[in-house]
Each structure stands twice: as C-alpha cells, then as structure tokens.
1. Would you mind finding the one in Glu121, Glu115 that is open to solvent by 30 Å² or more (accessible area, probe 1.4 Å), part of a helix (DSSP H, G or I), at pLDDT 95 or above and not polar (S, T, N, Q)?
2. On the given criteria, is Ser61 in contact with a Ser or Thr (Cβ under 6 Å, 6 or more places away or on another chain) and in contact (Cβ under 8 Å) with a residue 24 or more places away in the chain?
3. Tell me yes or no: at least one residue of segment 42-56 is over 24 Å from Met141 (Cα atoms), touching a residue at least 40 places away in the same chain (Cβ under 8 Å), in contact with a helix residue (DSSP H, G or I) (Cβ under 9 Å, 6 or more places away or on another chain) and of a type outside the set (S, T, N, Q).
4. For residues that are over 17 Å from Leu9 (Cα atoms) and in a loop (DSSP other than H, G, I, E, B), tally how many sit in segment 32-79.
5. Those residues that are without any contact (Cβ under 8 Å) to a residue 40 or more places away in the chain, assigned to a helix (DSSP H, G or I) and open to solvent by less than 30 Å² (accessible area, probe 1.4 Å), I need them from segment 80-97; list them, please.
6. Can you confirm whether Glu109 is farther than 27 Å from Leu3 by Cα, acidic (Asp, Glu) and in a loop (DSSP other than H, G, I, E, B)?
7. I need the full set of residues from segment 1-31 which are at pLDDT 95 or above, charged (D, E, K, R) and in a loop (DSSP other than H, G, I, E, B), in order please.
8. Is it the case that segment 64-85 has a residue that's on the phi > 0 side of the Ramachandran plot, modelled with pLDDT under 95 and not basic (Lys, Arg)?
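The values are calculated or read from the model by the stated rules, or taken from the named source; none is laboratory data. As the structure is a prediction and not an experimental result, all values here were calculated from the model. Cβ sites come from the backbone with ideal geometry, for glycine too, and all protein chains shown count toward neighbours. All accessible areas refer to the heavy atoms of the entire protein, side chains included, with ligands and DNA or RNA removed. Shrake-Rupley method; radii C 1.70, N 1.55, O 1.52, S 1.80 Å.
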Amino acid sequence: MKLTSMQALEMIQNAKGKAKDDHWIAHSICVGNTAGKIAESLGLDVDKAKTLGYIHDIGKSVGEVKQHVMNGYKYIKELGYDEEYANICLTHSYLNNDVVCTAGGIPEEIPFRTEFVKTHEYTIYEKIINLCDLMCKDVTMTIDKRLIDLILRKGVHTNTQYHIKETYKLKEYIDEMLGFNVYNLFPDIVL
C-alpha cells in the first residue's frame, strides 16, 4: 500500500504526545521538506522523498526511543504499507550498510537489523534521507553544526570518527549527483 506525504504528515502530527517529547516531529518535518528539495533538484519523486523523511522516525511514537528503528519498521509493516516505507525506518540511521556507522555509539546487537542493513541495497531516496537526517534538527543546517549537536547530546564514542568521515563522504556523493553543493538549495543555511 502506498503512503503519500500528506498522509505521512498527518500520521506524525497525530503522534504528538505519544513519545517522551515531540522534538522528533519538527525534526521529521524538516527532514521530509529538505529531502523534497534535494529530490526535486535531482528530478526524483518529490512526494516520495518527503513521505520517507516524514516517517523515518515514526518508531519514536510507538515505543522506547532507543528501539525506534525496529519499532518504526514493525509499525509501518503492521499498517500494511509497502516495504520502502518500513525500510526507511531501518536504514535512516546507518551509513555504508553498517550498523556501526551511526551517531551515539555502537548499538546493541539485533541480528535482523544488522543483517538487513548489511545486505540491503540503499536506494537514492534512502541515501538522501541519511543525509537529511544529518542536516536537520528542526531547521536545515550544515552537517558540521548537526554533527556537533549530535556529539554534544550523545557524546563521543569509538565509532564517532568513522561516522563523521562517512557523513562527509555521503554529502560529497549527493553534491556530485547534484553538480553543486547541496547547501546551495538552502539559502537560509549559514556557512
């Protein structure tokens, strides 16, 4: 079953008050809107990019925040939506098909998640959401500012340097696809 950006936006707005806090909602809206602009510049499906951005953190509304990746995946599948919508809940936090390439330290071992992330071929939409997740808090910002924000909140871990290096590689990849610096799409970003 397909999901539209309007349905996804309604879904996350209806989730207000279901998590410890609602900061993830403004973040998800920012991720979706930012992804939509990138998708438009690449000639991709803007509504699909927005939809995936809006729902990537939906798992925060249906269980413990630390388990939001798996919770979101299961929740979207239970609702009967197509795999790509559930998959974004799993892939958005991990770069390079590696669960170790994430912010906030090495996650606990969940064999299904580890195997899925390792073997799944990330779509261009998933890569865009990976980047947007690392460019958005409640506003779009440079990855420098967002990575500092993540480090201040989550600390420095053994995988932090790896995650930072791969974040910059992902930005370069999207820049190359665009043919210009992705930040040019967002005039409000202060470099």
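1. On inspection, the qualifying residue turns out to be Glu115.
2. no
3. no
4. Number satisfying all stated conditions: 4.
5. Correct list: Ala86, Asn87, Cys89, Leu90, Thr91.
6. For Glu109, the condition - farther than 27 Å from Leu3 by Cα, acidic (Asp, Glu) and in a loop (DSSP other than H, G, I, E, B) - is met.
7. Lys2
8. No, every residue in segment 64-85 fails to be on the phi > 0 side of the Ramachandran plot, modelled with pLDDT under 95 and not basic (Lys, Arg).
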